[in-house]
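None of the figures in this text is laboratory data; all of them are computed from the coordinates on show. Quick caveat: nothing in here was measured; it's all calculated off a predicted structure. Here the Cβ positions follow ideal geometry from the backbone for every residue, glycine too, while neighbour counts run over all protein chains shown.
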Amino acid sequence: MANSTFLRFLLLLLYQYRSKHAGIAVISSLIVALLSAVLFISQSIQAETALQLKAQPDFVVQRIRAGKRIDVPVEWLEEIQEINGVSSVTPRVYGEYYFSPREEHFLLFGVDFFDEQSSKAIEKIVQETDLRKFLSKEQMIVGDGVKKFLQEHYYKGFYNFKNPDGEIIKVPVYSSFDKETNIISNDMIIMPMELLRSIFAMDEETLTDIAFNVPNEAEWDNVLTKLHLLHYDIRVITKEEITKSYHNLFNYKGGLFLALYLITIMTFILIIYQRYAMVAVGWSIKDVLKLKFFETSIIVLLSFINGVIIAYCYVYLFDAPLLSNLFLGSENLSNEVAFMPVVDFGLLGSIFLFFGIPFIAAVLIPVWKIAVTEPKEAMK
Amino acid sequence: MIKGFLVLALLYTAALTSITAHMLFFKRDSHREKIMQTLSIVNLPTLSLSTSYMAAGIRGYTKPSNPSYPDMMPIDTMSFVYGE
Amino acid sequence: MIRIKNLDKIFNPSTKKAAHVLKEINLQINKGELVILKGVSGSGKSTLLSIISAMDKPTSGEVIVDGKAVSKLPDIHASHFRANSIGFIFQHFNLLDELSVKDNISIVLIPLGLSIKTVDEKVQKSMELANISHKADQQVKELSGGEKQRCAIARALVNDPGIILCDEPTANLDRTNSLHFIELVKTLQKMGKTIVIATHDPLFEEAGFHDSILHMSDGELGEPK
């Protein structure tokens with residue numbers, strides 16, 4: 001900025017008309033903050049999802065009869081294991097348990113504690129877990145949301161499950177998951193597989209479904225055909241389908257930018273156009289546009305930084321109260337997720353461009369138009 | 001006036017620096033490790049979303065995909081993700 | 001010297017709303033002359049001033065100032081011409097209310113790329129000339145009508161222009177302030193400035209310091225008196 005009188009005048013205008021500028025900046029900051037917050041939350045959840053998709057098995061096999069899912073017989077395990085190229089075949093026993101008075105549900109998961117990998121992981125993830133002690137009785141480990149729910153409903157350290165035959169099964173709470181894993185464990189209850197079978201009155205020789213991997217991707221189609229030949233009532237869910245389902249779940253970007261445009265246009269209506277009589281006192285249109293450009297750019301930049309700072313603090317320091325419900329839902333157990341900071345600078349740059357360019361244009365175009373076509377305006 | 005602008009610039013620098021520091025020093029690895037360990041217990045990677053059981057995962061899809069077979073839920077519902 | 005040849009101005013030409021506001025204007029104002037342009041509202045006085053100052057372009061004809069056809073200048077040169085040769089005084093002063101007197105005056109000099117020191121010196125000099133330097137740091141919104149007019153005069157003088165154009169300069173002033181303004185104009189006349197005042201205030205005529213009075217009516221110029 002070679003011309004320092006220009007800079008001095010620019011700062012002077014910003015300072016003297018600070019209340020008007022602050023008004024515009026506050027509205028713009030809130031718009032940017034809202035948008036950035038939504039993006040931060042969705043990015044954080046998407047990052048977590050990506051992490052989970054890594055752990056997702058390549059295939060899940062279920063049994064469908066008359067369009068309804070039913071339990072899978074244990075023999076299927078061996079049949080799948082015999083298919084060439086298949087590895088890590090894992091039986092899964094789990095299900096939704098309804099807490100009917102409140103229409104809420106927990107995800108009950110049966111764990112085979114004799115499985116070495118599961119046992120090690122439990123010892124690490126749940127603090128103060130003595131596996132022997134845990135296994136000595138029929139107990140459960142609950143997620144943070146379930147823990148709070150039980151406390152709210154006066155279940156002190158236990159819950160009375162009712163099996164389909166109407167029998168009450170009292171299960172004490174042994175421990176709870178770390179709050180940091182709320183994003184996946186909030187509504188989760190893990191318990192020994194046999195206990196879970198008795199709650200759901202499942203046959204001992206059945207499983208909910210079977211998960212397995214096929215490391216060689218070229219074999220996927222082949223394995224799929226073989227599976228369908230095994231049983232007529234088999235339903236195979238591939239990792240791709242689940243990935244797609246998750247992508248759809250948080251693919252808000254398109255809609256967001258549309259909303260951004262609409263809101264930005266609304267803001268422009270609020271901008272009070274200030275007419276400067278500068279053309280009459282020797283300013284060229286270029287000079288007026290230059291001044292307006294810098295003035296608006298500073299406001300846009302400051303609003304953008306404000307918005308991002310507010311959004312960052314709101315999402316990553318205060319865990320996005322209210323807004324997180326939009327993403328995580330609020331119909332079931334409320335989930336207090338500590339979001340992992342993920343900042344996509346490319347997306348932030350896009351927000352800046354999508355927000356800044358129309359903003360600056362909306363100020364400069366009328367200024368230019370009046371300066372060019374209405375010389376009398378400058379004389380009034 | 002200039003002093004006011006300098007104070008403002010200083011405040012912004014401080015805020016941006018602390019955010020950058022928070023982002024850089026966040027213990028991502030331990031967070032990831034905990035999640036992965038939890039996943040390795042249950043072998044069921046699903047998000048613990050607080051949606052009602054039959055709620056659609058995608059807005060707009062509140063009905064079964066095929067009216068002739070209402071039991072056959074589309075794969076984008078939470079019931080699909082969670083299993084029954 | 002200002003020479004105006006066969007000047008015509010039509011707003012919205014070739015439409016139903018076409019308005020012929022200046023018709024065949026021919027005029028010559030010599031250097032150092034003070035001309036009063038009289039006429040009712042809407043007679044075309046302000047349009048003539050805006051064309052002389054190269055803010056507006058004529059439909060046909062031309063305006064030559066010191067041998068230069070200013071009516072044909074592109075915007076960048078026209079603004080340069082205004083910044084160096086024209087001082088404008090408006091009916092509504094056209095000052096930025098939130099800024100101080102000296103900041104308002106300095107606006108004219110900003111596009112010229114002068115140093116801060118030179119700008120401050122020029123502003124100080126013109127404030128003294130317009131007798132407003134005691135209010136230098138006061139915001140314009142706190143000034144009286146007469147003080148605002150003096151601030152506007154200081155702004156018109158700060159670039160030391162050869163020509164000063166005044167559009168209804170006393171319309172918003174009381175009699176005392178109008179007389180003060182006339183005194184100031186007399187000083188400028190003595191300094192050798194070419195001055196054109198568009199007004200229907202009889203005070204200017206009564207003061208008797210003019211070189212000629214032109215009557216404008218329905219876009220046409222009457223005989224000089």
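Size descriptor for region C:1-57, Kirkwood hydrodynamic radius: 12.4 Å (Cα pairs only, one decimal). For A:LYS68 and A:ARG132, the FRET efficiency from 1/(1 + (r/R0)^6), where r spans their Cβ atoms and R0 equals 35 Å, is about 0.30. When the C-alpha to C-alpha distance is required to be over 18 Å, the pairs from C:LYS17/C:LYS38; C:LYS122/C:LYS186; C:LYS31/C:LYS190; A:LYS54/A:LYS179; A:LYS290/C:LYS72; B:LYS3/C:LYS122 that qualify are C:LYS17/C:LYS38; C:LYS122/C:LYS186; A:LYS54/A:LYS179; A:LYS290/C:LYS72; B:LYS3/C:LYS122.
Each semi-axis of the equivalent ellipsoid for the protein assembly as shown is √(5λ) with λ an eigenvalue of the Cα gyration tensor; in descending order they amount to 82, 26, 19 Å.
Here the ratio of the Cα radius of gyration of region C:24-107 to 2.2 N^0.38 Å is 1.23. Taking only the C-alpha atoms of region A:1-51, Rg followed by Dmax gives 18.8, 55 Å. Between A:TYR232 and A:SER88, the C-beta separation translates, for a Förster distance of 30 Å, into a calculated FRET efficiency of about 0.70. Beta bridges from DSSP with both residues in the protein assembly as shown: antiparallel share about 65 percent, rounded to the nearest 5. Label sites at C:ASP8 and A:LYS170, each approximated as a point 7 angstrom past Cα along Cα to Cβ, lie 10.7 nm apart. To the nearest ten degrees, helix C:145-157 and the longest principal axis of the Cα atoms of chain C are 80 degrees apart. Region A:59-213 has equivalent-ellipsoid semi-axes of 27, 20, 14 Å, by the square roots of 5 times the alpha carbon gyration tensor eigenvalues, sorted largest first. Of the chymotrypsin sites (Phe, Trp or Tyr not before Pro) in region A:315-364, the ones in a loop by DSSP (not H, G, I, E or B) with at most 11 other beta carbons within 10 Å are A:PHE318. Summing charges over neighbours of C:ARG150, with a neighbour being any other residue whose Cβ is under 13 Å away from its Cβ, gives +1 when K and R count +1 and D and E count -1.
Compared with the dominant Cα axis of chain C, that is its longest principal axis, helix C:175-190 is turned about 80°.
Other residues within the sphere of radius under 11 Å centred on the Cβ of A:ALA47, judged by their own Cβ, net out at 0 (K and R +1, D and E -1). Only alpha carbons enter this Debye calculation for region B:1-45, each as an equal point scatterer, and the log10 of I(q)/I(0) it gives at q = 0.21, 0.22, 0.23 Å⁻¹ is -0.74, -0.76, -0.79. Among beta bridges from DSSP that stay inside chain C, the antiparallel ones total about 50%. Between C:SER60 and A:PHE345, the distance separating the two model label sites (each 7 Å from Cα on the Cα→Cβ line) works out to 6.3 nm.
Cross-link check: pairs C:LYS23/C:LYS45; C:LYS117/C:LYS141; A:LYS286/C:LYS9 evaluated at a Cα-Cα cut-off of 19 Å; pairs beyond the cut-off: C:LYS117/C:LYS141; A:LYS286/C:LYS9.
Once the other residues with Cβ under 11 Å from the Cβ of C:THR194 are scored (Lys, Arg +1; Asp, Glu -1), what is the net sum?
-1
Starting from the coordinates of the alpha-carbon atoms of region C:67-225, obtain the Kirkwood hydrodynamic radius over all distinct pairs and give the value in Å to one decimal.
Across region C:67-225, the inverse of the average 1/r is 16.5 Å.
Working from label points 7 Å from Cα in the Cα-to-Cβ sense, the C:LYS141 to C:SER217 distance is 4.5 nm. Partners of A:LYS133 within straight-line reach, counting lysines whose Cα lies under 18 Å from its Cα and excluding those fewer than 8 residues away in the same chain: A:LYS120, A:LYS124, A:LYS170. The C-alpha atoms of chain C define a longest principal axis, and helix C:116-129 lies at about 80 degrees to it.
Sorting C:SER126, A:SER245 by the number of Cβ atoms found within 10 Å of their own Cβ, with the fewest placed first, yields A:SER245, C:SER126.
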